[in-house]
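What follows is one structure encoded as structure tokens, with my remarks underneath.
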């Protein structure tokens with residue numbers, strides 16, 4: 001196998017220049033996108049070809065085409081850029097954590113479980129840490145964690161059922177309950193079986209934002225029916241407003257009942273549908289001391305119903 005002539009001379013800039021030309025297949029267009037003239041771009045590509053000892057492009061007056069060597073290098077460049085970007089992000093993340101900057105994704109409904117009080121306690125116990133909270137849906141949190149845009153996330157149990165490359169642990173247990181208007185014919189019941197809801201119109205939270213609605217539907221199917229889903233809502237507040245003013249029903253975490261929703265009644269389900277609060281994070285975060293502090297405080301102080 002032939003060796004590269006002076007591999008240390010192959011720079012990341014050369015590879016980025018090559019990749020841009022490979023993408024647009026035109027030196028002039030690539031130079032414009034890279035904000036430089038065509039001559040230095042061509043010189044960089046020729047130097048790269050010289051160092052590799054192969055031709056990367058077949059050139060014509062109008063455009064260029066990749067040779068088999070160029071096609072292979074284009075594929076390898078994409079892997080190299082992804083590795084470089086991920087590595088730099090990880091280094092930047094560690095630097096931020098060393099400066100005690102911690103980003104946490106949360107759902108808006110967590111504030112109904114005393115999360116505001118938890119923030120105050122955490123700041124008292126760990127004054128050296130700067131907490132940066134971002135209100136994000138569970139699905140958005142998972143994407144943000146994968147892109148290292150947040151360090152930790154707080155989601156419901158259902159959102160942990162499909163978590164490749166992430167760790168999840170339960171912070172507190174919580175069941176789902178039936179939510180309906182206080183004038184609904186079922187409002188006087190102390191408890192109810194899911195099968196009794198087969199003819200009821202449902203409104204649930206958006207399945208695009210959280211997996212909890214899919215879990216609810218799956219539990220209904222296990223009882224022999226598919227719920228009549230009339231509408232999906234993005235915000236819990238909007239969901240509760242719809243339930244209060246209509247004859248629809250919903251299934252929500254029990255902690256929703258801690259709020260004084262006008263004209264809404266909450267009823268225990270005979271079946272258990274889990275709505276546990278879970279902490280999610282990337283594997284490399286597991287050994288950080290701040291994780292223990294955050295976990296312990298959440299378990300001690302989060303208010304369940």
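Quick note: the coordinates plus some simple rules give every number you see, no bench work behind them. Here the structure is a predicted model, which means the values were calculated and not measured. Backbone-built Cβ (ideal geometry, glycine too); neighbour counts: all protein chains shown.
Spin-label point model (7 Å from Cα, Cβ direction): what's the residue 242 to residue 84 distance in nm?
Roughly 4.7 nm, to one decimal.
Taking Cα atoms, how many degrees apart are the long axis of helix 289-301 and the longest axis of the chain, rounded to 10 and kept between 0 and 90?
20 degrees
Quick one: Kirkwood hydrodynamic radius for the chain, alpha-carbon pairs, angstrom, one decimal?
Taking every pair of different Cα atoms in the chain, averaging 1/r and inverting gives 23.4 Å.
Only counting other Cβ atoms within 10 Å, I'd like 288, 215 sorted with the fewest neighbours first. Don't skip to the end; give the middle numbers.
Numbers: 288 16, 215 21.
Ascending Cβ contact count within 10 Å gives the list 288, 215.
By counting other Cβ atoms within 10 Å of each Cβ, how are 248, 74 ranked from fewest to most?
In order of increasing Cβ crowding within 10 Å: 74, 248.
State the Cα centre-to-centre distance between the range 118-195 and the range 247-305 in whole Å.
Between the Cα centre of the range 118-195 and that of the range 247-305, the gap is 5 Å.
Listing 102, 118 from the residue with the fewest other Cβ atoms within 10 Å to the one with the most, what is the order?
Taking fewest neighbouring Cβ atoms as first place, the list is 118, 102.
Quick check on the chain: helices-only [θ] at 222 nm, where DSSP H runs of length 4 and up contribute -39,500 (n - 2.57) each and the sum goes over total residues. Nearest 500, please.
Details: 9 runs with 121 residues, N = 305.
One gets -12500 deg cm²/dmol as the mean residue ellipticity at 222 nm.
Using only the Cα atoms of the range 7-94, what semi-axes does the equivalent ellipsoid have when each is the square root of 5 times a gyration tensor eigenvalue? Give whole Å, largest first.
Sorted largest first and rounded, they come to 24, 15, 12 Å.
Considering only 207, 62, 156, give the residue with the highest GNM mean-square fluctuation for the chain, with springs between Cα atoms whenever their separation is below 10 Å.
62
Taking only Cα atoms, what is the 0 to 90° angle, nearest 10, from helix 212-222's long axis to the longest principal axis of the chain?
Helix 212-222 sits roughly 60 degrees off the main axis of the chain.
Hey, could you get me the Stokes-Einstein D for the range 176-269, Kirkwood radius over alpha-carbon pairs, 4 °C and 1.567 mPa s, rounded to whole µm² s⁻¹? List each step's numbers first, then the result.
On the way: Rh = 13.1 Å.
Stokes-Einstein gives a translational diffusion coefficient of 99 µm²/s.
Springs between alpha-carbon pairs under 10 angstrom, Gaussian network model over the chain: which of 53, 224, 245 fluctuates most?
Comparing 53, 224, 245 in a Gaussian network model of the chain, the most mobile one is 53.
Between helix 12-24 and the chain, what is the angle of the helix's C-alpha long axis to the longest principal axis, kept within 0 to 90° and rounded to the nearest 10?
Computed tilt is about 80 degrees.
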